[in-house]
Amino acid sequence: PIVPKTHEGRTAFVSTAAFQPGDGQTDADALCALEADAAGLSGSFLAFLPDRAQQLSVQQRFDTSPNAPIWVRPDGIRIAATAAGLFTEELLAPINLHADGTPAGQFRSFGVWTGTSDPAVFDADDDDCSEWTSDSAEQRGSSGVVHFVSNHFYRNINPSRACSTADYHLYCLE
C-alpha cells in the first residue's frame, strides 16, 4: 500500500458538531477549542471565520508569516505548502477530518460556515449572519464544502446560506 508522507505543524480540522449562528463568534471559537480538547489536541484553536468587530480577515486571525508552521490535518497530511497558502492558494489536501481523525461526511456534501468570499481580505460586506449573532432565515452566511481543495472549500458554488441552516460546521485552526 501507498503510505502518504506525514508532516509536523499546526492542526486544522472540521468540527464534528454543527455550529448554529446566534451567539456570536466567541461560541464558534469555543466549539473549536472544546472539540480540540476532547480529542487531546494541545494548543489554542479558533474558527476559520473573519472577525468583523476587529476588522480582521480570516487570515489575519492567524500567524501566516514566512516562518510560521504549516497546517496539517489530524493524520499529519499537509494542507497547504505554506502557512499563508491556506488562505491564498489551492489546497494540497482538503480539511475533511474531525479533530479525532475520523472523516467528515464521507457520502454527502458536508457544509461549513466561513463568512468570507476571500479569506485573505477583510470585507465588511461579506455574509456572516450579522457577526454570527443571527439565526434568522432572512440573514445569510457564506459557506464552503470540506471535500474541495479549490476556493470552494471556503466559498461554495452556492455560497450563501440562510443563517437558520442547522447542519453546517466549522473549520478549526490551531
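The values are calculated or read from the model by the stated rules, or taken from the named source; none is laboratory data. Not measured: the values here are computed from a predicted model. Glycine gets a Cβ as well: all are built from the backbone with ideal geometry, and neighbour counts include every protein chain shown. Surface areas here come from the heavy atoms of the whole protein model, side chains and all, with no ligands, DNA or RNA. Shrake-Rupley method; radii C 1.70, N 1.55, O 1.52, S 1.80 Å.
When region 34-80 is filtered for residues that are part of a helix (DSSP H, G or I), open to solvent by 20 Å² or more (accessible area, probe 1.4 Å) and either touching a residue at least 40 places away in the same chain (Cβ under 8 Å) or charged (D, E, K, R) (or both), the ones remaining, listed by number, are 35, 37, 38, 59, 60, 61. List the number of the failed condition for residue 86; all other conditions in (1) closer than 19 Å to residue 146 by Cα; (2) at pLDDT 95 or above; (3) among the aliphatic types (A, V, I, L, M) hold. It is condition (2) that residue 86 fails.
Picking from residues in region 149-163 that are over 15 Å from the mean Cα position of the chain (by Cα) and surrounded by 17 or more Cβ atoms within 10 Å (Cβ to Cβ), the one that is modelled with the highest pLDDT is 163. Residues in region 79-138 that are among the acidic types (Asp, Glu) and in contact with a Ser or Thr (Cβ under 6 Å, 6 or more places away or on another chain): 90, 126, 127, 135. Candidates in region 106-130 are the residues that are surrounded by fewer than 18 Cβ atoms within 10 Å (Cβ to Cβ) and of a type in the set (A, V, I, L, M, F, W, C); of these, the one that is farthest from residue 55 (Cα to Cα) is 107. Taking region 1-27 as the range and being open to solvent by less than 30 Å² (accessible area, probe 1.4 Å) and over 14 Å from the mean Cα position of the chain (by Cα) as the test, the residues that pass are 21, 22, 24.
I need the full set of residues from region 149-174 which are touching an Asp or Glu at 6+ places or on another chain (Cβ under 6 Å) and either hydrophobic (A, V, I, L, M, F, W, C) or free of Cβ contacts under 8 Å to residues at least 24 places away in the same chain (or both), in order please. Answer for region 149-174, where residues must be touching an Asp or Glu at 6+ places or on another chain (Cβ under 6 Å) and either hydrophobic (A, V, I, L, M, F, W, C) or free of Cβ contacts under 8 Å to residues at least 24 places away in the same chain (or both): 149, 163. Yes or no: region 81-91 includes at least one residue that is open to solvent by 80 Å² or more (accessible area, probe 1.4 Å) and within 25 Å of residue 167 (Cβ to Cβ). Checked against the condition, which is being open to solvent by 80 Å² or more (accessible area, probe 1.4 Å) and within 25 Å of residue 167 (Cβ to Cβ), region 81-91 yields no hits at all. Considering region 131-148, the residues that are within 20 Å of residue 59 (Cα to Cα) and in contact (Cβ under 8 Å) with a residue 60 or more places away in the chain include one that is surrounded by the fewest Cβ atoms within 10 Å (Cβ to Cβ), namely 131. Of the residues that sit in region 1-49 and are touching a His at 6+ places or on another chain (Cβ under 8 Å) and of a type in the set (Val, Ile, Thr), which one is nearest to residue 171 (Cα to Cα)? The qualifying residue nearest to residue 171 (Cα to Cα) is 14. Scanning region 2-27 for residues that are over 24 Å from residue 91 (Cα atoms) and in a loop (DSSP other than H, G, I, E, B) yields a total of 5.
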